[in-house]
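**Student:** Next up is a structure, given as structure tokens.
The values are calculated or read from the model by the stated rules, or taken from the named source; none is laboratory data. Treat the numbers as computed from the prediction; the structure is a model and nothing was measured. Cβ placement follows ideal geometry from the backbone for every residue including glycine, while neighbour counts extend to all protein chains displayed.
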Amino acid sequence: MAMLLIRPCQMSDLDDLMALSRAVGRGMTSMPADEAAWLSKIEATTRSFSAQGAEDPMGTYFMVLEDPASGRVVGTTAIYTGIGLDRPFYSYKVSTLVSSSSDLAVTRQARVLSMVNDYTGATEVGSLFVLPEYRKPGVGQFLSRARFLTMADFPERFGETVMAELRGWQDENGNSPLWQHLGSQFFGIEFQDAVNTVALKGTQFISDLMPKYPIYIDLLPQEAREVIGKPNDSSAPALHMLKKEGFQFTGYVDLFDGGPSVQCPVGEVHTVRDSHQGQVRISFDITEQDEMYMLSNGNLNDYRVMLAPARMAADGTLMINQETAQALGINHTAPNARYIPFKRNQQAHAVAA
């Protein structure tokens with residue numbers, strides 16, 4: 001695998017980020033093909049990756065996957081803190097109502113969707129995307145797990161609960177059965193128009209138009225019922241990886257397309273829990289045959305995460321090659337890094353979440 005680098009987005013990435021937005025397709029609210037939205041996201045990221053950012057209740061840590069050979073941005077991954085504090089973060093909660101009749105000696109259970117904003121104040125991971133030509137085994141996993149190294153590096157900046165909202169299932173034409181049979185009845189607009197409105201204008205229109213009462217799932221057509229909690233085909237590998245990190249589905253789904261949300265206490269995320277911070281040493285013996293590690297430099301002002309070969313020495317020092325040290329900005333005056341072994345999943349690799 002060629003050397004890949006993850007770093008915070010910057011103004012010079014704007015054209016590449018616009019191109020990525022156009023490649024993403026339908027349903028990803030955090031990456032609209034809108035230049036003003038991207039400028040705002042880049043500015044927010046610059047603020048978050050600064051000393052002053054620690055004071056903000058809400059933060060945007062939007063990072064990009066760079067191909068060092070070309071300098072091109074080929075993927076994205078992000079952390080959003082304090083979600084729902086500036087505008088409501090709505091979900092449906094799937095729950096069960098039980099009713100009974102003594103006259104008929106009948107007890108019935110009914111599943112319902114209730115609109116809630118239970119994730120207010122949580123930390124969200126999202127915006128995971130990789131260009132098709134870079135969808136090699138391990139790349140999506142690297143983008144996904146890099147966010148958790150960031151949380152381990154700067155724990156005071158992230159809430160107690162981290163969640164992820166996965167894109168819901170759509171057919172080959174990009175149509176969402178849940179939106180067709182539920183959301184569109186109340187909003188009267190196309191699915192992508194609703195996604196764009198959230199991305200660019202916020203969630204006020206949801207408060208204005210969405211019913212406040214529980215919606216009985218059994219009253220929906222079967223094709224709509226079947227996709228509640230079902231991820232988009234492109235997001236299924238991302239969901240699999242999140243579950244391997246300790247995330248669990250607890251009944252929350254997306255308001256528009258029914259995609260599942262999963263959550264985990266930050267301290268119980270496996271990469272956060274199992275990563276180590278320690279000394280590293282440059283060695284000229286490290287080759288591509290050595291074990292792969294994820295490494296971060298812990299430097300807020302020039303943050304970098306890499307996937308690179310490394311080897312643990314007998315004295316507990318991690319040995320890396322010169323190229324890795326240079327890319328991470330590690331030298332004799334700052335010989336420390338956070339790291340965790342990286343095992344590629346040959347079965348599935350995430351491309352969108």
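**Student:** Output the residues belonging to the stretch 78-94 that are under 18 Å from Gly259 (Cβ atoms) and touching a Lys or Arg at 6+ places or on another chain (Cβ under 9 Å).
**Tutor:** Of everything in the stretch 78-94, those that are under 18 Å from Gly259 (Cβ atoms) and touching a Lys or Arg at 6+ places or on another chain (Cβ under 9 Å) turn out to be Ala78, Val94.
**Student:** Against the condition among the basic types (Lys, Arg) and touching a His at 6+ places or on another chain (Cβ under 7 Å), how does Arg108 come out, does it pass?
**Tutor:** So Arg108 fails the test.
**Student:** Taking the conditions exactly as written (modelled with pLDDT of 90 or more, polar (S, T, N, Q) and surrounded by fewer than 19 Cβ atoms within 10 Å (Cβ to Cβ)), does Thr96 satisfy them or not?
**Tutor:** Details: modelled with pLDDT of 90 or more: yes; polar (S, T, N, Q): yes; surrounded by fewer than 19 Cβ atoms within 10 Å (Cβ to Cβ): yes.
Answer is yes for this residue.
**Student:** Name the one entry in Ala110, Ala146, Ala152, Ala69 that is under 19 Å from Pro237 (Cα atoms) and touching a residue at least 60 places away in the same chain (Cβ under 8 Å).
**Tutor:** Every option except Ala146 fails the conditions.
**Student:** Just for the stretch 172-187: of the residues that are surrounded by 19 or more Cβ atoms within 10 Å (Cβ to Cβ) and small (Gly, Ala, Ser), which one is modelled with the lowest pLDDT? Steps first, please.
**Tutor:** Looking only at the stretch 172-187, we keep the residues that are surrounded by 19 or more Cβ atoms within 10 Å (Cβ to Cβ), and these are 176-179, 182-183, 187.
Those left that are additionally small (Gly, Ala, Ser): 176, 183.
Details: Ser176: 90, Gly183: 81.
Restricting to residues being surrounded by 19 or more Cβ atoms within 10 Å (Cβ to Cβ) and small (Gly, Ala, Ser), the top hit is Gly183.
**Student:** Please note which strands (runs of 3 or more DSSP E) are completely contained in the stretch 99-167 and include at least 2 residues that are basic (Lys, Arg).
**Tutor:** 106-116
**Student:** Ok, one more. Just to be sure I understand the filter: pairs with C-beta atoms under 6 Å, separated by 6 or more residues or on different chains, first member in the stretch 43-57 and surrounded by 19 or more Cβ atoms within 10 Å (Cβ to Cβ), second member small (Gly, Ala, Ser). Which pairs pass?
**Tutor:** These pairs meet every condition: Ser48/Gly59; Gly53/Gly59.
**Student:** Continuing with this model, one more query. Check off (1) crowded, with 19+ Cβ neighbours inside 10 Å; (2) of a type in the set (Gly, Ala, Ser); (3) outside any loop (DSSP other than H, G, I, E, B) for Gly258 and give me the number that stays unchecked.
**Tutor:** All conditions are met except number (3).
**Student:** Another question, then. Which residues, counting only those in the stretch 188-221, are surrounded by fewer than 13 Cβ atoms within 10 Å (Cβ to Cβ), at pLDDT 80 or above and of a type in the set (A, V, I, L, M, F, W, C)?
**Tutor:** Leu219
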